[in-house]
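The values are calculated or read from the model by the stated rules, or taken from the named source; none is laboratory data. Just so you know, these numbers come straight off a predicted model, no measurement behind them. When we count neighbours, we look across all protein chains shown, and the Cβ atoms used for this are built from the backbone with ideal geometry, even at glycine. The area values use the complete protein model at the heavy-atom level, side chains included, leaving out ligands, DNA and RNA. Shrake-Rupley method; radii C 1.70, N 1.55, O 1.52, S 1.80 Å.
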Amino acid sequence: MRAGLVAFSLGLAACAPQPQTPPTAATETILIEGGVVEGRLVRAVGLQLALPNPTPLVARSGNTLLAAYPFQLLIYQNGFIQDSLPLPGVPIFVRAKPLPLVGLADRLYVPGLGTLLYQAKDALNTREGVYWLDDEGISLERRRLAEGRFNFLAAGERYVYAFGREALRLPDRIRVPLPGNVRAAVVLEDLYVLTPEGLHRLSLEGLRLGFRAGAYRGLETDGAFLYTLEAGRLVTLRLNLDIASRSAPKAWAPSRQNLVSLFVPWEVP
């Protein structure tokens, strides 16, 4: 039975990052929706699995998890590998929300659609199309929407925000004042932005509704809770910025279903 398991694992090597990809020294805890990625282990609310190799480019939206490697994108559903797609290069960012997208140095890759020749520093795949940023402004696919220097994008059900010294809200083009240097944001019925001083809760027009001081890193949401890191530890907050009673994801030993991922080698003889 052991020999059969090893043979089956090697058969899945085509679904894993290819041997020429060097291992990633991912010692830093990576925040995702509902939990964290530590090395190869994904530990989040409702999701536990082992990636074939560490990567800092991991994103989650509900039951879907994306893990991007040089020339390879793995898509998981409910903790099980669903697809392995070739990438036309080395990814620099990955987005699971609103819809999957991978950014490369000279183009974007959209599963099911293929490559878009937009050289973007951030992008979002939405039902309206692909929003993307370069050093000159923000575009919706081939249509330039606004000029200006923006750093990153965030989206909710109604609006897309481009963040710089202030935020531009689309599609109504409202300029939203920000409380400082915004490093991360999520958009729900309110706007949550992370600055070096802490986490701010704003109205969608920028009115200040709440603040929680702290040296936090990263910001994610599942719509019911906010997730961030403090000193490398997962912090779960209610939408009013109070600490939630929800406990951190439990320590995990791989089950038989996930065991096959652990046998995928970096180098196949």
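The length gained by stretching the chain between ASN78 and ASP242 to full extension, at 0.36 nm per residue less their Cα-Cα distance, is 56.1 nm.
Could you tell me how far the Cα centroid of the range 116-139 sits from the Cα centroid of the range 209-246, in Å? Centre-to-centre (Cα) distance: 28 Å. Label separation (ARG233 vs VAL90): 3.6 nm, computed from points 7 Å beyond Cα along the C-beta direction. Legend: calculated FRET efficiency, ASP134 to ARG208, from the Cβ-Cβ distance at R0 = 35 Å, rounded to 0.05, equals 0.70. For the pair ARG149 and ASN181, the difference between a 0.36 nm per residue extended length and the Cα-Cα distance amounts to 10.2 nm. In this rough spin-label picture, where each label sits 7 Å from Cα along the Cβ direction, the LYS121-ARG165 distance is 1.5 nm. PHE71 contributes about 100 Å² of solvent-accessible surface, heavy atoms of the protein only, 1.4 Å probe.
Relative contact order of the range 95-244: 10 percent, from C-alpha pairs under 8 Å at least 6 residues apart in sequence.
Working from label points 7 Å from Cα in the Cα-to-Cβ sense, the GLU28 to ALA215 distance is 1.5 nm. Relative to the current alpha-carbon distance between GLU141 and ASP106, full extension at 0.36 nm per residue lengthens the span by 11.1 nm.
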